[in-house]
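To start, the structure under review is shown below, and the notes come after it.
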Amino acid sequence: MVYLYLKLIHVLFVIMFLGNITVGVFWKVFAQKSKDPDKIAFAFKGIIKADRVFTIPGVIGITIFGFGGAIHGGLPILGTGWILWSIILFTISGIVFMAKLVPLQKQIAALAADKEKFNWDDYHKLAKQWDFWGFISLGTPFAAAILMILKPNI
């Protein structure tokens, strides 16, 4: 029964995490379509704040309850392919998030907040990078979730 509770909490953290990183894309696109630097700055400040409130606690919860559930359920973490590859994908997401997205988010928020320095060419250059790295950072944990649900024999 403990295994099922650990698994439940793990899944709830996954929902919170994936929901937040997905909605961040929505707010970025929504603000960008407004063509209003104030809205873009506000959206990115919100994305950064949401990462602190939802993404980072989500990563911690996913990790603790995922490992706890696997251990308690008797699943060999490195010997179970779908677990191992999910961990690898989740780790790639975290590395991309910390190394690429966090700095880009701060740059975009700062650029959009400074009306004297803001220009669309600089914004679009940063936004395209954010889109690329964001796709990797978003796609890898979704792929990990698929592996966790389907549990393929890999």
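The values are calculated or read from the model by the stated rules, or taken from the named source; none is laboratory data. If you're wondering where the values come from, they're calculated on a predicted model, not measured in any experiment. Reconstructed Cβ throughout: ideal geometry from the backbone, glycine too, with neighbour counts over all protein chains shown.
Whether a residue is surrounded by 17 or more Cβ atoms within 10 Å (Cβ to Cβ), touching a residue at least 60 places away in the same chain (Cβ under 8 Å) and of a type outside the set (Lys, Arg) was assessed, and residue 73 does not pass this test. So, residue 136, is that one β-branched (Val, Ile, Thr) and surrounded by 13 or more Cβ atoms within 10 Å (Cβ to Cβ) or not? Yes.
For the criterion of being surrounded by fewer than 13 Cβ atoms within 10 Å (Cβ to Cβ), at pLDDT 95 or above and small (Gly, Ala, Ser), residue 99 passes. The set of residues in the stretch 107-130 that are of a type in the set (D, E, K, R) and either in contact (Cβ under 8 Å) with a residue 60 or more places away in the chain or in contact with an Asp or Glu (Cβ under 7 Å, 6 or more places away or on another chain) (or both) contains only 115. Do we have any residue at all in the stretch 74-82 that's farther than 18 Å from residue 136 by Cβ and either in a helix (DSSP H, G or I) or touching a Pro at 6+ places or on another chain (Cβ under 7 Å) (or both)? Yes - at least one qualifying residue is present in the stretch 74-82. If you check 121, 51 for being farther than 22 Å from residue 8 by Cβ and surrounded by fewer than 18 Cβ atoms within 10 Å (Cβ to Cβ), only one passes: 121.
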